[in-house]
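These notes are about the structure you will find just below.
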Amino acid sequence: MPEESGTPDFARLVADLKLLREKGLTRLRRINVPALEEATRRCRPNSSASTQPAIEELLRSAVSRIGGGFLGEAAEYTFGLVSGTRAWPAQQRRRKAAEICGVTTDHFRKSYEITILEQVAEEMIASIERSSTPSGGEPKASAAGDTPGTGHIVMRTVVGDAVFVERLAEATSATIVDPTHEDLADHLERALARKRRRSGPAAFWEELRIVFLNDDLLGFVRDDLTVQFPDAAEAARERRQRAGLARRTVTSLLLRLGTPGRWSVHSYAGLVQFPGAVLRTADGHNLVHLTGARSHRAGPEILRFEFEDRPDHYFESVFQEVVENSREEHEVVLVGSPTEAGFACSGARFRRGVMIPQQNIHDWLPAVVIITWRRKGGSIEPLLEINTPKNSTRELGKASHLSGYVNQRDHVTQDSANSTAPNFLIGPATAKAAVLRELRDELRVTELPREPRLTSTPGFYYPDKENLFFYVFEVEIPAETRFAPSTHMYPWSVEEVLQVREHQVVNNTILALTEDGLTRGQRRMALTIAGLNLTVHGHDDLARRVSEQSRQDELDRRLVEELTELAGRSRFSRYAAGRELSIEGLAGLQYRNFFTDVLPVYAQVGVPSAAKILASLHADPARSRAIGRLAASYGDEQLITALPIEV
């Protein structure tokens, strides 16, 4: 029977969502979901909550509010909301959702699926709370009416971001101008998720232009920070940091999900007359959204003014003029190849044009990995971040030391004598400049106890995109440094990092055993590397059985079950702001070269137990040989580029 309280109980709402996931939308009329019916009545009092469309509408709205990304897409498949998946069996929807998250089906069931059910329930409860609030994020229409008439400016005020996100999802093109764009990445991701749900997975704006205010002018902005900080210079520093974070987050999102050639990010060195957006609609009209400044008096919600552009396209012309007088922001990445003397640069490419699957496979890109650590309470702590959509474009859910490409500005800054030459050798100063830039931009660290130290220069092969030539540095971070929450930077022990890698090894082994697309030769190579990794982590018996499996045609189901159980035991999570961040492994080079390029650095700088663990590995003949063979395997271009999966 329906809940008697105003808001459905969270646990019962999750239980109803679990039942709906199992039975599917096609059977919604025949299952008993009282908490979902009550939630629908509370959110849509004018709807018939017992009918399938009303509940499905609430479900779609709640899933869209998760914020897109891999979790939002997985949620859409979990409930069969993607076109063509409505009648899929529950197991097929689960397998697809697990594939999107890059984990096994069993791990998805035990972790991500639970998170999705809980997040959807939270969004439904939030919708109920919004619907009971007068402003509630819903539009407040002016006396002139709700529908803009052609040739007239019919304005209405809108509180919150719900309407803007929906208009952005409906738009065919958009120009967005704001000094800092603090919330824009979230708005874009939610709007893009809706657009792709309606129009297909490749949908994107025909043109998307985003304009930030030049950093030098942010000190003249008057907003809520002006009230929070008594010192104007301190307020300006905070505003620049927020704008820098927003710029990196927006760019990261567009690099990850955008269509190349259809988006651009700009910096404007002038007075922004109208912060907001001009959105081109499918019928050719321009819808204008002007944004009120954040104010401590008006509360946390943004006030927007929505209306149709004038017949003479006045606002479109103003926004176009801003774009034309802005500087488009490009990160220009260096391209070349490694040589005995270092990295020989032979050209450059825009950041948005690199690491695209099946393109430029034989090129190399120079990059840095920064092994960060700090002194805390008389001990040494490694510092690794967790890759999320807020701080990374790739390998989401992985733990990583700070990393980035060596770009043209790094070279011009440090090796300007060669900056105009078509071919030049990147010097250590250029790599160090990239390290200092990454520390400044990503962690806000500008002063160090000592200079960064170059420790190694390994290569990293990809089968389907450019290879990477890494400059690995170790850097001590000042103990008093405070990291922005979005960096998800945490102290780790060596044992924790090893557990994360072990979990990754086990999942990679399961994939090598079960992936249908592998040829016999590819499976044999993948299982050989998987067995070596299991040996290094002390699983000799599993390594032997995996090696035997490479010579057999029939899959050992018991072996897969044991590995799946081990994957569950080795799973590692961090908790941030009350939410669990499940960590699937180590990023790229740090996974492949952990025992040759990362752990030795931990031992050198004095991380507790690092030297002891390293010594015990080398004292064990089997594990020492396995480390050597792994290094040779990961450095074998022909071997690694033949494998379509990570091993």
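Among the candidates Thr514, Thr481, Thr509, the residue that is of a type in the set (Ser, Thr, Tyr), within 32 Å of the chain's Cα centre (by Cα) and in the same structural domain as Thr393 (by TED's automatic domain parsing) is uniquely Thr481.
The C-beta contact set for region 578-589 (first residue more than 27 Å from Glu122 (Cβ to Cβ) and touching a residue at least 40 places away in the same chain (Cβ under 8 Å), second residue polar (S, T, N, Q) and part of a helix (DSSP H, G or I), distance under 7 angstrom, 6+ apart or interchain) comprises Gly585/Gln504; Leu586/Gln504. Does at least one position in region 68-82 carry a residue that is closer than 21 Å to Val33 by Cα and surrounded by fewer than 20 Cβ atoms within 10 Å (Cβ to Cβ)? Yes, the conditions are met somewhere in region 68-82. So, in region 279-312, how many residues would count as being modelled with pLDDT of 80 or more and either on the phi < 0 side of the Ramachandran plot or surrounded by 13 or more Cβ atoms within 10 Å (Cβ to Cβ) (or both)? The total comes to 21. Within region 556-606, the set of residues being within 23 Å of the chain's Cα centre (by Cα), in a loop (DSSP other than H, G, I, E, B) and charged (D, E, K, R) comprises Arg571, Glu584. Number of residues in region 379-414 that are more than 17 Å from Phe572 (Cα to Cα), touching a strand residue (DSSP E or B) at 6+ places or on another chain (Cβ under 7 Å) and either at pLDDT below 85 or among the basic types (Lys, Arg) (or both) equals 2.
Checked against the criterion of being under 23 Å from Phe108 (Cα atoms), among the basic types (Lys, Arg) and in contact with an Asp or Glu (Cβ under 8 Å, 6 or more places away or on another chain), the candidates Arg545, Arg579, Arg558, Arg574 yield just one match: Arg574. Applying the set (1) closer than 16 Å to Asn508 by Cα; (2) over 31 Å from the mean Cα position of the chain (by Cα); (3) of a type outside the set (A, V, I, L, M) to Ser609 leaves exactly one unmet item: (1).
Looking across region 330-352 at every residue that is surrounded by 14 or more Cβ atoms within 10 Å (Cβ to Cβ) and within 23 Å of the chain's Cα centre (by Cα), the one that is farthest from Ala434 (Cα to Cα) is identified as Arg352.
Right, Phe483: over 23 Å from Thr596 (Cβ atoms) and of a type in the set (Phe, Trp, Tyr) or not? The answer is yes for Phe483. If the condition is being in a helix (DSSP H, G or I), of a type in the set (Val, Ile, Thr) and more than 21 Å from the chain's Cα centre (by Cα), then region 153-201 contributes only Val163.
For region 590-614, a residue qualifies if it is in contact (Cβ under 8 Å) with a residue 24 or more places away in the chain and more than 26 Å from Ile640 (Cα to Cα), and the qualifying residues are Tyr602, Gln604, Val605, Gly606, Val607, Pro608, Ser609, Ala610, Ile613.
Considering only region 523-555, state which residues are surrounded by fewer than 17 Cβ atoms within 10 Å (Cβ to Cβ), farther than 24 Å from Ser616 by Cα and in contact (Cβ under 8 Å) with a residue 40 or more places away in the chain. Listed by number, the list holds a single entry, Leu555. Is it true that some residue in region 494-501 is over 15 Å from Arg571 (Cβ atoms) and either in the same structural domain as Leu448 (by TED's automatic domain parsing) or modelled with pLDDT of 95 or more (or both)? Checking region 494-501: at least one residue is over 15 Å from Arg571 (Cβ atoms) and either in the same structural domain as Leu448 (by TED's automatic domain parsing) or modelled with pLDDT of 95 or more (or both).
Considering the conditions (1) at pLDDT 95 or above; (2) surrounded by 15 or more Cβ atoms within 10 Å (Cβ to Cβ); (3) not small (Gly, Ala, Ser), Leu581 is excluded by exactly one of them, (1).
The values are calculated or read from the model by the stated rules, or taken from the named source; none is laboratory data. What you are looking at is a predicted structure, and each value in this text was computed from that prediction instead of being measured. Counting neighbours? That spans all protein chains shown, and the Cβs are built from the backbone with ideal geometry, glycine included.
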